[in-house]
Amino acid sequence: MTKTIVVTSGKGGVGKTTTSASIATGLAKRGFKTVVIDFDVGLRNLDLVMGCERRVVYDLVNLVNQESSLHQTLIKDKRIENLYILPASQTRDKDALTIEGVARVIHKLKKSDFDYIICDSPAGIEKGAKMALYFADEAIITTNPEVSSVRDSDRILGILQSESKRSKMNEEPVKEHLLITRYNPTRVKDGQMLSVDDIVDLLAIPLLGIIPESPSVLDCSNAGKPVILDEESEAGQAYSDAIDRLLGETKPHRFMEAPKKGFLARLFG
């Protein structure tokens, strides 16, 4: 049975597209047929992070408007078997999406035997974001350890609980997961960032993962490569752990503690 997962947050720049790319890639690496959809109509960044920007011919809006077929629009990833990308349009606005049109696309994907549909939501609470979360079975709430980011994520939780299809149809609620990105335990220790416990207390949803602040995230994005494929980086390892938890495995959270300084580092600052 196909699961639709939205990656969302209220605030921009928290790592939703990085997360969508890594979650989709991680699921496909574990053998699940997975598609990741870019709902950020008018901007479009997912294809850059996935390294397939030159292969985009048709996009989500073409598919919604029945101007292209699913086969024509989906881009098959060259690195990972079972992974597909459905890009957004760069030349249209978010009003081009309709509930009926997106429902038709989701139905076609389910009929094509996809195990997971990952919806990369735009920032904010406007039409594109609400469209991305409307069909969700599960939601990954992505937040930075900052007060404004956590507050905006709390607003998104309210929208999920009131405006998703599941809430409107009085079905079982959307299953919520918390993913903390750009976490820097040294800055938390210095009081410059919220701690994991602070964020979990404020949002009161299960913690899926903690992605440490890492230069590899930007390096991989610039190279058109999901950071989960960088298995040497802490960020890549953290996303891999998050996939295991998403699939039901119990794993301890890593990268929460500041590295201890050695004797010379303490001596010379």
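The values are calculated or read from the model by the stated rules, or taken from the named source; none is laboratory data. Bear in mind that the values here come from a model prediction, so they are computed numbers and not experimental data. Positions of Cβ are generated from backbone atoms using ideal geometry, with glycine treated the same way; all protein chains shown enter the neighbour counts. Surface accessibility is based on the protein's heavy atoms, side chains included, excluding ligands, DNA and RNA. Shrake-Rupley method; radii C 1.70, N 1.55, O 1.52, S 1.80 Å.
Structure summary
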| item | result |
| --- | --- |
| Mean separation of Cα contacts under 8 Å, 6 or more apart, over the residue count of the range 94-179: relative contact order % | 28 |
| Cα long-axis angle, helix 99-111 against the chain (0 to 90 degrees, to the nearest 10) | 80 |
| Solvent-accessible area per residue, Å², over the range 3-268 with all protein chains present [probe radius 1.4 Å] | 47 |
| Within the range 82-102: backbone nitrogen closer than 19 Å to the Leu70 label point (7 Å, Cα to C-beta) | 82-88, 98-102 |
| Hydrodynamic radius (Kirkwood) for the chain, which is based on Cα pairs only, to one decimal in Å | 18.8 |
| Kirkwood-type radius of the range 1-120, with distances r between different C-alpha atoms, in Å | 14.1 |
| Angle in degrees between helix 234-246 and the longest Cα principal axis of the chain, rounded to the nearest 10 | 60 |
| Fraction of accessible area attributable to carbon and sulfur, the chain (%, probe 1.4 Å) | 49 |
| FRET efficiency for Arg79 and Arg155, using Cβ-Cβ distance with R0 set to 30 Å, rounded to 0.05 | 0.25 |
| All lysines inside 24 Å of Lys168 as judged from Cα atoms, apart from same-chain residues fewer than 8 positions distant | Lys3, Lys94, Lys108, Lys110, Lys111, Lys127, Lys130 |
| Net lengthening on full extension, Asp115/Glu163 (0.36 nm per residue, minus Cα-Cα) | 14.9 nm |
| Distance between the range 1-27 and the range 172-201 - C-alpha centres, whole angstrom | 17 |
| Over the range 86-136: Kirkwood hydrodynamic radius from C-alpha pairwise inverse distances, Å | 11.8 |
| Taking the range 3-268 and dividing mean pair separation by its residue count, relative contact order in percent (alpha carbons under 8 Å, at least six apart) | 24 |
| Long-range HN-HN contacts of Tyr183 with modeled amide H, under 5 Å | Ile211, Glu213 |
| The range 160-166 - phi-based ³J(HN,Hα) in whole Hz, Karplus 6.51/-1.76/1.60, Gly and Pro as x | 4, 7, 10, 10, 6, 4, 4 |
| Full-extension gain in nm, Leu218 to Glu53, via 0.36 nm per residue minus C-alpha separation | 57.7 nm |
